[in-house]
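Just passing along the structure, written as structure tokens.
Each reported figure results from applying straightforward, stated rules to the coordinates on display, with no laboratory input. Bear in mind that the values here come from a model prediction, so they are computed numbers and not experimental data. Cβ atoms come from the backbone with ideal geometry, glycine included; neighbour counts cover every protein chain shown.
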Number of protein chains: 2
Amino acid sequence: MRTFNTFIPNNRTLMGPGPSDVSPQVLNALARPTLGHLDPQFIELMDETKALLQYVFKTENQLTMPISAPGSAGMEACIVNLVEPGEKVIVCQNGVFGGRMKENVERAGAEAIVVTAQWGEPNSLESIEAALHAHPDAKFVGFVHAETSTGVRNDAQAICALAKQHDCMTIVDAVTSLAGIELRVDDWQIDAIYSGSQKCLSCVPGLSPVSFSDKALHKIQHRKTPVQSWFLDLNLIVGYWGQGGKRAYHHTAPVNSLYALHESLRLVHEEGLENSWHRHAAMHELLKTGLTELGLELLVAPESRLPQLNTVVIPDGVDDALVRNRLLNEFNLEIGAGLGALAGKVWRIGLMGHAATTKNIDFCLSSLRTVLR
Amino acid sequence: MRTFNTFIPNNRTLMGPGPSDVSPQVLNALARPTLGHLDPQFIELMDETKALLQYVFKTENQLTMPISAPGSAGMEACIVNLVEPGEKVIVCQNGVFGGRMKENVERAGAEAIVVTAQWGEPNSLESIEAALHAHPDAKFVGFVHAETSTGVRNDAQAICALAKQHDCMTIVDAVTSLAGIELRVDDWQIDAIYSGSQKCLSCVPGLSPVSFSDKALHKIQHRKTPVQSWFLDLNLIVGYWGQGGKRAYHHTAPVNSLYALHESLRLVHEEGLENSWHRHAAMHELLKTGLTELGLELLVAPESRLPQLNTVVIPDGVDDALVRNRLLNEFNLEIGAGLGALAGKVWRIGLMGHAATTKNIDFCLSSLRTVLR
């Protein structure tokens, strides 16, 4: 009979596109005894988690909570709740995740008007404006704030302002941006936003924080058609995550993962959100300087670079997989491969959350130096 | 400024409808350092997890894996992948979860033919056969093996045999049955089955093991319409969870929760699946004897009782909420309230996985004795 042993993972340093390194405090929180999902003590944790999510999203949106599944499900939750069959959504695509948004829009029975940009560049306001003019009946603009596949920051504030001028609601992918760069849900008038637990929050993967404006909530509550997903139907989920003392069972919440999310948010709150933004920026400068010294170049122009996700051009003649494998096997260091159109062309070095430290940068640079020698 | 403290949950004994008590070994596994979701070491864990799931499901189905979300998402995954718009599904409903299955079928654009039974009773084969005769174009029969809302076991083997006679595929809810009572996916010719991590596997909540027969997989791969959910589309997920060395990114797997699932499955394997079934049955007998001594009655007739979920009739004049609150606050003991039509009429005492021990039963009975005195 086959035997199975307890799984003991290596202690990697995670500097890829996520998951990022999880702090021991968060892992400790994760392992605390499980409570029932309707336990009054757990409800208190839910309330605090909502308050902390409002803090990191910079919003007072009542409908702010984590979806009980990874970021991809957060994306799907935003789209299937807000968008109805036949509606038009302008989708900005400049990497893998804009493409995923288009897929989700179409599977919701809606029409995606795709505005593209080169991989490695942001979506231009001009192209989005042209699409808005060409499609005055569009109801939404969706875009990725921080494109994890390319390392590009889209100008969320400007895109949202433009969308508002055309009376469109906005759907924003903040999976990699939340807590890593400036993001202001209320000030920028974002209507629906989703993120992931495993990026700049440095929590374990598996949860997707979301937030919806009152206008978005009103649309969700007055749909003509039911939400196609039962599991993601916010009209049902609010009975569990909504306000008030009484919580109705919808699905069994991932209790222990929520302990971890609460702790990771608490740590961001303790550091201060703006301090976290500044730390990511400062660590990026340090990494960039070191990479330059190694003769390595970043793919993205300075004004659109994400500090937390650095796409490094693989020099001619260097074996992509060999370098990543040596880093993993000799140094227990994970950096990311290129994705989609950038496969084989870039490495993705993440500086996210708990992993964005001088110690990790020194380690990453010296390991790279050895392997590239 | 508001302060937030690390969350320290009470150490409850969980004897409700799930989550069940999680063993320290599983909590330890959960808290191990996070690996990347494409790390070769993590891929090994995925392969072992698949093998262990095949073991507990008693199947050789290649498409056997955990969905990265709770049992409700596993239900939705089965339905939105298998069932196409306009198709007919016979749904057996004798509690909350059959009703949820009907909801999912309808949201997938299909037609649910509902066969009902009284809450507390199993679905009769006669009523299912009548529906099969009345709807010869039905393509699926869906039912709940272990109805968590009522404590009733449906005769999965007989229902599947009947469905096969009528050339229907079967969709089985095994959220509460897996590892708690006899369940044989291959022998019983089940086509699609989903479970939950937090019941008789005694893992943390948040994952949904699923398995699909080759016939079901063939249907999924030859759909006329795309699966409406991107996140749950098995045609995409198999690129990550499928066979072979190369794994393509679909979504970021909930890495740490999968450590825990692996460990909980390993513990079932170590005990032996049949031994686990027998332990649940023996613990149920012990609990039943003790409840009888306290003058309490079970709702469900002996031949349909679930050992792992005991619905206890609340005696006249006893304050439901007061009893449960006292158990929680004075004894740190969680038992479940009634759900839906049984709210206020029953308590639900779970004996699931790691929680199904003589120690817990003694504790539960003596606590109940004190509170009911």
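Please report, for residue B:109, the nm distances (one decimal) from its label point, 7 Å out from Cα along the beta-carbon direction, to the equivalent points in the remaining copies, shortest first.
Taking the point 7 Å beyond Cα along Cα→Cβ, the inter-copy spacings are 0.8 nm.
Need the full-extension length gain, residue A:301 to residue A:47, defined as separation in residues times 0.36 nm minus the C-alpha distance. One decimal, nm. Walk me through the intermediate numbers first.
Working: separation 254, 0.36 × 254 = 91.44 nm, distance 4.09 nm.
Gain on stretching residue A:301 to residue A:47: 87.4 nm.
Shielding of A:18-30 by partners, i.e. mean partner chain Cβ atoms within 10 Å per residue?
Partner Cβ neighbours, averaged per residue: 4.
Now a separate question. What residues have an amide H closer than 5 Å to that of residue A:333, excluding those fewer than 5 places away on the same chain, when H is modeled at 1.01 Å from N in the peptide plane?
Answer set, sorted by chain and number: A:13, A:328.
Right, next: Rank B:97, B:231, B:143 by mean-square fluctuation in a GNM of chain B with C-alpha springs under 10 angstrom and give only the top-ranked residue.
Of the options given, B:231 has the highest mean-square fluctuation.
Another question, if that's okay. Across peptide A:255-265, how many C-beta atoms of other chains are within 10 Å of each residue C-beta, on average?
Working: counts 7, 15, 7, 3, 5, 4, 0, 3, 3, 0, 1.
Mean shielding count: 4.
Determine, for A:23, B:229, the number of other Cβ atoms within 10 Å of each Cβ, and report the residues in order from fewest to most.
The most exposed by this proxy come first: A:23, B:229.
Just want the ordering: B:333, A:234, from fewest to most Cβ atoms lying within 10 Å of their own Cβ.
B:333, A:234
Assuming R0 = 41 Å, can you tell me the calculated FRET efficiency for the pair residue A:363 and residue B:292, based on Cβ-Cβ distance, to the nearest 0.05?
For R0 = 41 Å, the calculated efficiency reads 0.05.
Put a point 7 Å out from Cα along the line to Cβ at residue A:161; what are the distances to that point in the other copies, in nm, shortest first?
With the label placed 7 Å along Cα→Cβ, residue A:161 yields 7.2 nm.
Would you mind counting up the charge near residue B:342? Only other residues with Cβ under 13 Å from its Cβ, with Lys and Arg at +1 and Asp and Glu at -1.
Working: positive: B:345, B:348; negative: B:121, B:147, B:320.
Every neighbour counted, the sum reads -1.
In whole Hz and in residue order, list the ³J(HN,Hα) couplings for segment A:212-217 that follow from phi through the Karplus curve 6.51 cos²θ - 1.76 cosθ + 1.60, θ = phi - 60°; x for Gly and Pro.
10, 5, 4, 5, 5, 4
For chain B, what ratio Rg/Rh do Cα atoms give with a Kirkwood hydrodynamic radius?
Rg/Rh for chain B comes to 0.98.
Mind listing the phi-derived Karplus ³J(HN,Hα) values for segment A:86-99, rounded to whole Hz, using 6.51, -1.76 and 1.60 with θ = phi - 60°, and x for any glycine or proline?
x, 6, 9, 10, 7, 10, 8, 10, 9, x, 4, 7, x, x
Separation between the residue B:116 and residue A:116 pseudo-spin-labels, each 7 Å from Cα along Cα→Cβ, expressed in nm?
5.4
In whole angstrom, how far apart do the alpha carbon centroids of segment A:104-165 and segment A:1-54 sit?
34
Between residue A:350 and residues 5 or more places away or on another chain, which pairs have amide H atoms under 5 Å apart, with H built 1.01 Å from N, and which residues are they?
Correct list: A:16, A:310, A:336.
Would you pull out the residues with amide H under 5 Å of residue B:67's amide H, same chain only if 5 or more places away, H placed 1.01 Å from N?
Counting only residues 5 or more places away or on other chains, the set is B:208, B:210.
Next up: Students often check this: by mean Cβ neighbours within 10 Å, which of B:347-355, A:217-225 ranks highest, and how do the rest follow?
B:347-355, A:217-225
For segment A:130-194, what size does the Cα cloud have along each of its three principal axes, sorted from largest down, in whole Å?
33, 25, 17
7 Å along Cα→Cβ for the label point: how many nanometres lie between residue A:235 and each equivalent label in the other copies, listed shortest first?
Shortest to longest, the spacings are 2.8 nm.
Right, another one. How large is ³J(HN,Hα) for each residue in segment A:224-241, as worked out from phi by the Karplus curve 6.51 cos²θ - 1.76 cosθ + 1.60 (θ = phi - 60°), to whole Hz, x for Gly and Pro?
7, 10, x, 4, 5, 9, 6, 4, 9, 6, 5, 4, 8, 5, 4, x, 9, 8
I've got another one for you. Please work out the Cα center distance from segment A:267-289 to segment B:230-303, rounded to the nearest Å.
A separation of 41 Å, based on Cα centres.
What does DSSP give for segment A:24-269 in terms of the percent of beta bridges that are antiparallel, rounded to the nearest 5?
Working: 10 of 27 bridges.
If we restrict to bridges inside segment A:24-269, about 35 percent are antiparallel.
May I ask for the net charge around residue B:371, where only other residues with Cβ less than 12 Å from the Cβ of residue B:371 are counted and Lys, Arg are +1 while Asp, Glu are -1?
+1
Could you compute the FRET efficiency for residue A:246 and residue A:134, with r as their C-beta to C-beta distance and R0 at 51 Å, rounded to 0.05?
The computed FRET efficiency comes out at 0.60.
Now, a different point. Give me the net charge for the shell around residue A:239: Cβ to Cβ below 9 angstrom, other residues only, Lys and Arg +1, Asp and Glu -1.
With Lys, Arg at +1 and Asp, Glu at -1, the net is +2.
If you take all C-alpha pairs in segment A:285-373, what percent of them are over 22 Å apart?
For segment A:285-373, the share of Cα pairs beyond 22 Å comes to 17 percent.
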